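Note sheet for the following structure.
What follows is calculated from the coordinates using simple rules that are stated; it is not laboratory data. Here the structure is a predicted model, which is why all the values come from computation and not from measurement. Cβ placement follows ideal geometry from the backbone for every residue including glycine, while neighbour counts extend to all protein chains displayed.
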Amino acid sequence: MMTFQELFIVLVSNDMLKKSDAIILLEGDGFFRIDKALELYLQKWASFIVISGGIQNLDKGSFPAAQLYEALVKKNVNDSDIIIEDMSLNTREQAENIIKLSQENGWKRIIIVASHYHQYRAFLTFLKVVLDKKIDLEIINAAVSDLAWFENLKWGVRFELLKEEFEKIKKYKKVGHVATFQEAINYFKWKELQI
């Protein structure tokens, strides 16, 4: 029998894309997430790309939002279609700031773009904020899945980072910063019923 964690991984890894209000590009993992956000934008899954994150630590793969912005503009994204949220210093703050931005703009559905190893915790963090605020916001997962797992990057090996992410999920669950796997599964059921 599969555990809730295993079922959760399958659901997040195979989420269904839907036309959305914004693509949320979570900074981190260098520039490796840009092409996925660009692909979704060019395929018109959403009209805006929000660059989220204010950490600037090149050794950890966190590049300034301004550099991500420039990279997107060079790839023909209209500058008026890019929103920068650079106040967040961690995933929890990204979730809080993006959910607030969603409410201010009347967004009903967002697509989160993160690297495959980070997508699980990012989603659980965003979902926790949505559940706590009791709002009907659909969160779609679009992880960058074509990244090497065992490449030794300056900021680590993604396979090892994946293990760290699941340890962080356990840690943050204890302090109420992430949704549970069961809550996520229930949310997927609800989300699938939305038009």
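Yes/no matrix, rows are residues, columns are (1) in a helix (DSSP H, G or I); (2) hydrophobic (A, V, I, L, M, F, W, C); (3) crowded, with 18+ Cβ neighbours inside 10 Å; (4) in contact with a helix residue (DSSP H, G or I) (Cβ under 9 Å, 6 or more places away or on another chain):
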residue	(1), (2), (3), (4)
VAL130	yes, yes, yes, yes
PHE150	no, yes, no, yes
GLU164	yes, no, no, yes
ALA179	no, yes, yes, yes
ILE185	yes, yes, no, yes
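What pairs come out if I take residues in segment 154-170 that are aromatic (Phe, Trp, Tyr) and pair them with residues that are loosely packed, with under 13 Cβ neighbours inside 10 Å whose C-beta lies under 9 Å away, six or more apart or interchain?
Close Cβ pairs (under 9 Å, with a partner that is loosely packed, with under 13 Cβ neighbours inside 10 Å) amount to TRP155/ASN57; TRP155/LEU58; TRP155/ASP59; PHE159/TRP149; PHE159/PHE150.
State yes or no: is ILE83 surrounded by fewer than 23 Cβ atoms within 10 Å (Cβ to Cβ) and in contact (Cβ under 8 Å) with a residue 60 or more places away in the chain? Write out each step before concluding.
Numbers: surrounded by fewer than 23 Cβ atoms within 10 Å (Cβ to Cβ): yes; in contact (Cβ under 8 Å) with a residue 60 or more places away in the chain: yes.
For ILE83, the condition - surrounded by fewer than 23 Cβ atoms within 10 Å (Cβ to Cβ) and in contact (Cβ under 8 Å) with a residue 60 or more places away in the chain - is met.
Suppose we filter segment 25-66 for residues that are surrounded by fewer than 23 Cβ atoms within 10 Å (Cβ to Cβ), at negative phi and of a type in the set (Lys, Arg); how many remain?
2
When both residues are 6+ apart or on different chains and their Cβ atoms are under 7 Å apart, which pairs have a first residue that lies in segment 116-134 and is touching a residue at least 40 places away in the same chain (Cβ under 8 Å) and farther than 30 Å from ALA148 by Cβ, and a second that is surrounded by fewer than 20 Cβ atoms within 10 Å (Cβ to Cβ) and among the acidic types (Asp, Glu)?
Correct list of pairs: LEU131/GLU183.
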